[in-house]
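Input: a single structure, listed below in structure tokens.
The values are calculated or read from the model by the stated rules, or taken from the named source; none is laboratory data. In this text the structure is predicted, and so the values were computed from the model without any measurement. Glycine also receives a Cβ, built like all others from the backbone with ideal geometry; neighbour counts cover every protein chain displayed. Quick note on the areas: whole protein, heavy atoms, side chains included, nothing else; ligands and nucleic acids left out. Shrake-Rupley method; radii C 1.70, N 1.55, O 1.52, S 1.80 Å.
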Amino acid sequence: MELATTLAPLGFGFMRLPEIEREDGSKEIDLEAVKGLVDAFMAGGFTYFDTARGYHGCKSEGALRQALVERYPRESFTVATKLPAWMAQNADEARAMFDESLRECGVEYFDYYLLHNLGEHLTDMFEDMDLWNFALQKKEEGLIRNFGFSFHDNADALAEVLRRHPEVDFVQLQINYADWDSKNVQSRRCYEVAREFGKPVVVMEPVKGGSLVKLPQVVTDVLREADPEQPLASWALRFAASLPGVVAVLSGMNDLVQVQENVRCLADGKVLSQDELACVLHARDVLTSLPGVPCTDCRYCLKGCPAGVRIPTIMQSLNILDQIGDKQRAKENYFWNADNSASKCIACGSCEEVCPQKLPIIDNLARAAELFE
């Protein structure tokens, strides 16, 4: 496996910000706490901030404006945001999000602008609304410096998007050592496709939503034995940051300890050694060997499902819970990527008839609905 000569920089993801609970039970972003996180991140020498129109109920961009843009010179930081076509009712509403983002972020241009969350049925929305040409027009107007997209699907689907749209400057991919050879997420293959097309990569989910700092003891022991002083987050962040062609590694940090630790992990610029890489991959093998749902993401089950249940992604959520023990991340993956669909199962059995692994899919879907909904 090829390694870079220097680490990619850390990026601050504005999707899991600290919140304050109001008396009525609702939550709002803790802006003063966010300012402290921004200050610590900037003091550590890092400058890449990633938000999106829909994060925190469309409040994340405004928080970025108040915590960063209004407090630091514009040339001292980099802003990335995203356009979620799937939140819009039509093309006009989708395009209007661009001006809303400019206004909310308080900037005159975006350093990085992304079409948000391509993959499966969502990809067609961006084509149907002609948002590719719209973004290119904004780039020609100087309102976008780098144009790309974030992606949640398999490597073949990524290659198809890049064949259709060679004009993009970069892609944002889910890459972490746990999913490196996953048949579902396909971190390695998606990364390799981006490299084949010559596209720089921004990494999201390098610590798998925090799961890779909450590892089972048997996996933790592998890493601790190799280096008892190195934080668990360091193995995950440096794995992603050591890949050639990566321009930033995003972490959705929500407290000062996380920011300070993550800054320390990447501040020295030292890529993984070959011995450290071997250790990480061994830890990955131990993790994936733990009991779980042996779904291979062949997707045969999807073709005949009359309810449109997103079965492989639901199986992935169960594995996050069963193998790592991180219920919060499992629920997050379930609601974000599985569309809260396990309870839509009508128990017709069409999925189990075609499953090569002969999995008890119906029972697993019922378990997921009970656990996550």
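Taking the Cα centre of the chain as origin and assigning +1 to Lys and Arg Cβ atoms and -1 to Asp and Glu Cβ atoms, the resulting dipole is close to 340 debye.
First measure r as the distance between the Cβ atoms of Thr6 and Asp255, then evaluate 1/(1 + (r/R0)^6) with R0 = 35 Å and state the FRET efficiency to the nearest 0.05. Efficiency, from the Cβ-Cβ distance: 0.80.
Ranking Ala94, Val280, Ala368 by how far each Cα lies toward the positive end of the dipole of the chain (charges on Cβ) leaves Val280 at the top. log₁₀ I(q)/I(0) of the stretch 160-245 at q = 0.15, 0.22, 0.26 Å⁻¹, via Debye over equal Cα point scatterers, no solvent, to two decimals? Debye intensities relative to I(0), on a log10 scale: -0.59, -1.04, -1.29.
Taken about its Cα centre, the stretch 221-373 carries a charge dipole of about 500 debye when Lys and Arg each add +1 at the Cβ and Asp and Glu each add -1 at the Cβ. Extension gain for Glu19 to Ala347 (0.36 nm times residue separation, less C-alpha to C-alpha distance): 114.2 nm. The Cα center of the stretch 27-50 and the Cα center of the stretch 305-333 differ in position by 30 Å. Other residues whose C-beta falls under 12 angstrom from the C-beta of Arg367 contribute a net charge of -4, scoring Lys and Arg +1 and Asp and Glu -1. Packing around the peptides 121-133, 346-358, taken as the average count of other Cβ atoms within 10 Å per residue, puts them in this order, highest first: 121-133, 346-358. Within the chain, the whole DSSP H helices whose Cα atoms reach 20 Å or more along their own axis and whose mean Kyte-Doolittle score is at least -0.5 are 274-288. Summary of packing: across the peptides 41-53, 98-110, the per-residue average of other C-beta atoms within 10 Å ranks them, highest first, as 41-53, 98-110. Using the Cα coordinates of the stretch 247-366, the gyration tensor eigenvalues translate into equivalent-ellipsoid semi-axes of 35, 18, 12 Å, sorted from longest to shortest. Ordering Asn117, Gln323, Met204 by the projection of their Cα atoms onto the charge dipole of the chain, which places +1 on the Cβ of Lys and Arg and -1 on the Cβ of Asp and Glu, puts Gln323 at the extreme positive end.
Remark: relative contact order (the chain) = 17 percent; criterion is Cα-Cα distance under 8 angstrom and separation of 6 or more residues.
Computed across the stretch 7-124, the Kirkwood radius stands at 15.1 Å (inverse of mean 1/r, all Cα pairs). Pairs with C-alpha atoms separated by more than 30 Å, drawn from the list Lys35/Lys199; Lys327/Lys358; Lys139/Lys331; Lys208/Lys270; Lys27/Lys199; Lys139/Lys270, are Lys35/Lys199; Lys139/Lys331; Lys27/Lys199; Lys139/Lys270. For the stretch 1-100, the dipole from Cβ point charges (+1 on Lys and Arg, -1 on Asp and Glu) about the Cα centre works out to 220 debye, to the nearest 20.
Computed on protein heavy atoms with a 1.4 Å probe, the accessible areas place Met204, Met253 in the order Met204, Met253, largest first.
The packing ranking of peptides 70-77, 265-272, highest mean first, is 265-272, 70-77, where packing means the average number of other beta carbon atoms within 10 angstrom of each residue. In the stretch 1-106, taking the dipole from charged Cβ atoms about the Cα centre, the farthest positive-side position among Ile29, Gly44, Gly54 is held by Gly44.
With K and R counted +1 and D and E -1, the other residues having a Cβ less than 12 Å from that of Lys139 yield a net charge of -3.
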